[in-house]
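Participant: Please see the structure below; I have some questions.
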Amino acid sequence: MSLIRLEKRPAPSRLFSALTPLMAVVATMIAGGIMFAILGANPLEAIRTIFWDPLFDPQFGPYSRPQLLVKAGPLILIATGLALGFRAGIWNIGAEGQYIMGAVVGAGAGLALYPSESPLLFPLMVLAGALGGWAWAMIPAILKTRFGTNEILVSLMLVYVAENILASVSSGLLRNPDGMGFPGSRNFRRDFPAASNTEIIENTGMHWGVVAAFIAVILAYVLMSRHKMGFAIRLAGEAPRAARFAGVSPTRLIIFCLGTAGALAGLAGLFEVTGPAGQISIDFNSGYGFTAIIVAFLGRLNPIGILLAGLLMALTYIGGELAQLMLGMPAAAIQLFQGMLLFFLLAMDVFANYRIRIGTPEVAK
Amino acid sequence: MDFGSINPILLIASLMVASTPILLAALGEMVVEKAGVLNLGVEGMMITGAVVGFAIGVNTGSSWAGFATAAVAGAALSMIFAVITQVLLSNQVATGLGLTLFGLGLSSLIGKPYVGIKAPGFSKLDIPILSDIPVLGPILFRHDPMVYVSLLLVAAVWYLLTYTRAGLVLRAVGENHSAAHALGYKVVRVRFMAIAFGGAMAGLGGAYVSLVRVPQWVEGMTSGAGWIALAIVVFASWRPWRILLGAYLFGGITVLQLNLQAAGSTIPVEYLSMSPYLVTILVLVIISVRGNHGAPGSLGRVFHASH
């Protein structure tokens, strides 16, 4: 008999559920510090550059603080949608594709109406963006409900398809006709202000996508804690058999969770392409759809947690850029750092779900 | 478009080369899933194998050393997954995804100095007499050794799973881990070994991409091959020979679309490039319509021996 045993808790510990993300962050800082040391950087300086300087450094702070909301907005928006599905055991990991398609469809709708100055233009594009992401997520949803096809693989394959569509439209259908043949669409902020996602309050990074993210968090919170659908989602994830007996329709659940996640990812794409990115180009997407998966888990699949996790992850992005600039750290180091964070979190979850017992078990009498 | 420029013999010959990375990775993942574990980190382990294999290959000048180290690197990475899912009992889907994200970051970090360098050569076998047979010679007998190693591995895995005691234990653990545990088999130990094997195979597959198929290091160069390997395991209904069939089918599509691109097809390049992914989806749908036969009973479930 081993000396250390795990004993399943009847219900996950609330204390540890809240503590593990913090423990994971600390563990990641330590492991990350070791990694930075191997890469030849001073670990303490690296950690400070990533976590402290973007917010409080007098020189970089004013520039990077607004970036916090700019980067957190799409992450929170996408992760909030993903978490609904993850809680129900529906694994949509192709949010990156839904995010790209939302951007393509939304931007396409706007560019088709160029040079309209109607105040209804931007709302229309927002709608089209949500629709684009929704439709892209409906492919795995319908294949899953009609044929039982694995949604993990289908949604992921569709990311590669979406990336190819993006490459195609940015040098074809949506290319800037005045762009002298260069790939990429018109720049929304420069050439098409009526269709651009502007900063609402100057120098805060607060754009419409961030507003949408906050609204999504609130709605998701209400849905999960007050609405019947939220109950069905939780039940399906925690006790699938009980959910079936309670009359929860798996088909409706799959369509709802994938559809919502797709629409939110599509929104994130539209806000990104019309705002911070500025134009449809072959690489406007920056992988938010994948990082959002980490954000969803780091936030414990809980809307409020996701809000905090999104801000933290945005900080590592900005800090990573700063570390690249100041310490010559490779860009990939921060991706590795984010991956580590997810590992530590998943590993620490053992404390929430199990009691650690030391010593040999007593024989049952 | 000029179809005449596509040589069918060369097409089939390059099919075998294009399929080998997916074949190796899928075969490894099949063994992992046969033991009841779903590791979605194949892509991450492949890309790590690709960069490590390439780096060692370049530094030692030997592709064999590259392949060996890539297998070790893939297995080492898979041990992170094994510890977190088997000892700390985490969710396998989330952990596998984490492994893929981690592997992608790790590989571009390691690969930075190797961008734009040429791979060391890996000579083809050119088996005497056999390779001179018309048509069959160039298709079957003029490849590099890894192509034949991958075929031998299919046979070995098939034999081990079907006819040996170890294979039987592995399958028992995958079908019903509680029953296997009650019979006294070490569920966690068996799964650790299966996961390590899967990691080594994914590493080999990745190294084949960077050392033979491309052959150089490009960031993110496996571009979804690991995910296609996962799909092929489902396609193959967890049977080794069907893995071979599936991998060659997908390799064929990849090679065909690349040839069409080179032949100046009127279909835009982007639509040709997305075809392997669309075909994967199509095949998954057909398989699921037919019913998902053959999935191991305990696949993806957490095993916790309460006593």
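Participant: Are any residues in region B:188-226 within 14 Å of chain A (Cβ to nearest Cβ), part of a helix (DSSP H, G or I) and buried (at least 23 other Cβ atoms within 10 Å of the Cβ), and if so, which ones?
Facilitator: Just the residues of region B:188-226 that are within 14 Å of chain A (Cβ to nearest Cβ), to begin with: B:188-189, B:217-226.
Still in the list and also part of a helix (DSSP H, G or I): B:188-189, B:225-226.
The answer is B:225, B:226.
Participant: Test of understanding: among A:356, A:306, A:293, A:280, which residue is crowded, with 24+ Cβ neighbours inside 10 Å and not in a helix (DSSP H, G or I)?
Facilitator: Numbers: A:356 fails: crowded, with 24+ Cβ neighbours inside 10 Å; A:306 fails: not in a helix (DSSP H, G or I); A:293 fails: not in a helix (DSSP H, G or I).
Answer to the selection: A:280.
Participant: Based on what the data block shows, is residue A:67 among the polar types (S, T, N, Q), open to solvent by 20 Å² or more (accessible area, probe 1.4 Å) and either without any contact (Cβ under 8 Å) to a residue 60 or more places away in the chain or over 28 Å from residue A:323 (Cβ atoms) (or both)? Explain how you work it out, then say what you get.
Facilitator: Working: among the polar types (S, T, N, Q): yes; open to solvent by 20 Å² or more (accessible area, probe 1.4 Å): yes; either without any contact (Cβ under 8 Å) to a residue 60 or more places away in the chain or over 28 Å from residue A:323 (Cβ atoms) (or both): no.
The answer is no for residue A:67.
Participant: Can you name the condition, by its number, that residue A:114 falls short on among (1) closer than 23 Å to residue A:212 by Cα; (2) open to solvent by 60 Å² or more (accessible area, probe 1.4 Å); (3) modelled with pLDDT under 90?
Facilitator: Checking residue A:114 against (1) closer than 23 Å to residue A:212 by Cα; (2) open to solvent by 60 Å² or more (accessible area, probe 1.4 Å); (3) modelled with pLDDT under 90, the one that fails is (1).
Participant: So which of B:78, B:90, B:63 is within 14 Å of another protein chain (Cβ to nearest Cβ), among the hydroxyl-bearing types (Ser, Thr, Tyr) and more than 17 Å from the chain's Cα centre (by Cα)?
Facilitator: Values: B:78 fails: more than 17 Å from the chain's Cα centre (by Cα); B:63 fails: within 14 Å of another protein chain (Cβ to nearest Cβ).
From the options B:78, B:90, B:63, the qualifying one is B:90.
Participant: What are the residue pairs meeting all of these: first residue in region A:255-277, first residue within 9 Å of residue A:78 (Cα to Cα), second residue among the β-branched types (Val, Ile, Thr) and open to solvent by less than 10 Å² (accessible area, probe 1.4 Å), Cβ atoms under 7 Å, and 6 or more apart or on different chains?
Facilitator: A:264/A:78; A:264/A:80; A:265/A:78; A:268/A:78
Participant: Among the residues of region B:266-292, write down those that are part of a loop (DSSP other than H, G, I, E, B) and either touching a Phe, Trp or Tyr at 6+ places or on another chain (Cβ under 9 Å) or at the interface with chain A (Cβ under 9 Å from one of its Cβ atoms) (or both).
Facilitator: B:268, B:274, B:291, B:292, listed by residue number.
Participant: Next up: Please verify whether residue A:100 is at pLDDT 90 or above, more than 17 Å from residue A:295 (Cβ to Cβ), open to solvent by less than 20 Å² (accessible area, probe 1.4 Å) and in a helix (DSSP H, G or I), treating the condition exactly as stated.
Facilitator: On the way: at pLDDT 90 or above: yes; more than 17 Å from residue A:295 (Cβ to Cβ): yes; open to solvent by less than 20 Å² (accessible area, probe 1.4 Å): yes; in a helix (DSSP H, G or I): yes.
It is true that residue A:100 is at pLDDT 90 or above, more than 17 Å from residue A:295 (Cβ to Cβ), open to solvent by less than 20 Å² (accessible area, probe 1.4 Å) and in a helix (DSSP H, G or I).
Participant: Now a separate question. Residue A:317 passes all but one of (1) out of contact with any Lys or Arg (no Cβ under 9 Å at 6 or more places or on another chain); (2) more than 10 Å from chain B (Cβ to nearest Cβ); which number fails?
Facilitator: Of (1) out of contact with any Lys or Arg (no Cβ under 9 Å at 6 or more places or on another chain); (2) more than 10 Å from chain B (Cβ to nearest Cβ), only one is false for residue A:317: (1).
Participant: Scan region A:149-179 for residues that are of a type in the set (A, V, I, L, M) and under 15 Å from residue A:96 (Cβ atoms) and jot them down.
Facilitator: Going residue by residue through region A:149-179, those that are of a type in the set (A, V, I, L, M) are A:152-154, A:156-159, A:161-162, A:165-167, A:169, A:173-174.
Within region A:149-179, A:152, A:153, A:154, A:156, A:157, A:158, A:159, A:161, A:162, A:165, A:166, A:167 meet the criteria.
Participant: While we're looking at this one, here's another question. In this structure, is residue B:242 modelled with pLDDT of 90 or more, open to solvent by 20 Å² or more (accessible area, probe 1.4 Å) and not hydrophobic (A, V, I, L, M, F, W, C)?
Facilitator: On the way: modelled with pLDDT of 90 or more: yes; open to solvent by 20 Å² or more (accessible area, probe 1.4 Å): yes; not hydrophobic (A, V, I, L, M, F, W, C): yes.
Considered against the rule, which asks whether it is modelled with pLDDT of 90 or more, open to solvent by 20 Å² or more (accessible area, probe 1.4 Å) and not hydrophobic (A, V, I, L, M, F, W, C), residue B:242 comes out as yes.
Participant: Same structure again: Quick check on my filter: what residues within region A:1-35 are within 11 Å of chain B (Cβ to nearest Cβ), surrounded by fewer than 17 Cβ atoms within 10 Å (Cβ to Cβ) and touching a residue at least 24 places away in the same chain (Cβ under 8 Å)?
Facilitator: Across region A:1-35, the qualifying residues are A:1, A:4, A:7, A:8.
Participant: Of a type in the set (S, T, N, Q) and either under 30 Å from residue A:6 (Cβ atoms) or surrounded by fewer than 21 Cβ atoms within 10 Å (Cβ to Cβ) (or both): does that describe residue B:90?
Facilitator: Judged against the criteria, residue B:90 is a match.
Participant: All but one of (1) within 22 Å of residue B:17 (Cβ to Cβ); (2) touching a helix residue (DSSP H, G or I) at 6+ places or on another chain (Cβ under 8 Å) hold for residue B:187; state the number of the condition that does not hold.
Facilitator: Every listed condition holds for residue B:187 apart from (1).
Participant: Can you list the helices (runs of 4 or more DSSP H) found entirely within region A:176-241 that contain at least 1 residues being modelled with pLDDT of 80 or more, more than 24 Å from residue A:108 (Cα to Cα) and out of contact with any strand residue (DSSP E or B) (no Cβ under 8 Å at 6 or more places or on another chain)?
Facilitator: Working: elements: A:188-191, A:208-226, A:228-238.
The helices (runs of 4 or more DSSP H) meeting that bar are A:208-226, A:228-238.
Results for (1) surrounded by 14 or more Cβ atoms within 10 Å (Cβ to Cβ); (2) in contact with a Pro (Cβ under 7 Å, 6 or more places away or on another chain); (3) among the hydroxyl-bearing types (Ser, Thr, Tyr), shown as yes or no for each residue.
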{"residue": "A:167", "(1), (2), (3)": "yes, no, no"}
{"residue": "A:181", "(1), (2), (3)": "no, no, no"}
{"residue": "A:184", "(1), (2), (3)": "yes, no, no"}
{"residue": "A:196", "(1), (2), (3)": "yes, no, yes"}
{"residue": "A:202", "(1), (2), (3)": "no, no, no"}
{"residue": "A:212", "(1), (2), (3)": "yes, no, no"}
{"residue": "A:235", "(1), (2), (3)": "yes, no, no"}
{"residue": "A:242", "(1), (2), (3)": "no, no, no"}
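Participant: May I pose another question? In this structure, does residue A:331 turn out to be among the small types (Gly, Ala, Ser) and facing chain B (nearest Cβ under 9 Å)? Reasoning before the result, please.
Facilitator: Numbers: among the small types (Gly, Ala, Ser): yes; facing chain B (nearest Cβ under 9 Å): yes.
Spelling it out, residue A:331 is indeed among the small types (Gly, Ala, Ser) and facing chain B (nearest Cβ under 9 Å).
Participant: Working only within region A:251-293, note down all residues that are within 23 Å of residue A:152 (Cβ to Cβ) and among the β-branched types (Val, Ile, Thr).
Facilitator: Result: A:251, A:254, A:255, A:260, A:291, A:293.
Participant: Something else about it: Here are some residues: B:124, B:112. Which one is within 13 Å of chain A (Cβ to nearest Cβ), more than 30 Å from residue B:302 (Cβ to Cβ) and free of Cβ contacts under 8 Å to residues at least 24 places away in the same chain? Walk me through how you get there before you give the answer.
Facilitator: Numbers: B:124 fails: within 13 Å of chain A (Cβ to nearest Cβ).
Answer to the check: B:112.
The values are calculated or read from the model by the stated rules, or taken from the named source; none is laboratory data. Please read these numbers as outputs of a predicted model, since none were measured by experiment. Methodologically, a virtual Cβ is constructed for each residue, glycine included, from the backbone with ideal geometry; neighbour enumeration extends over all protein chains shown. Surface accessibility is based on the protein's heavy atoms, side chains included, excluding ligands, DNA and RNA. Shrake-Rupley method; radii C 1.70, N 1.55, O 1.52, S 1.80 Å.
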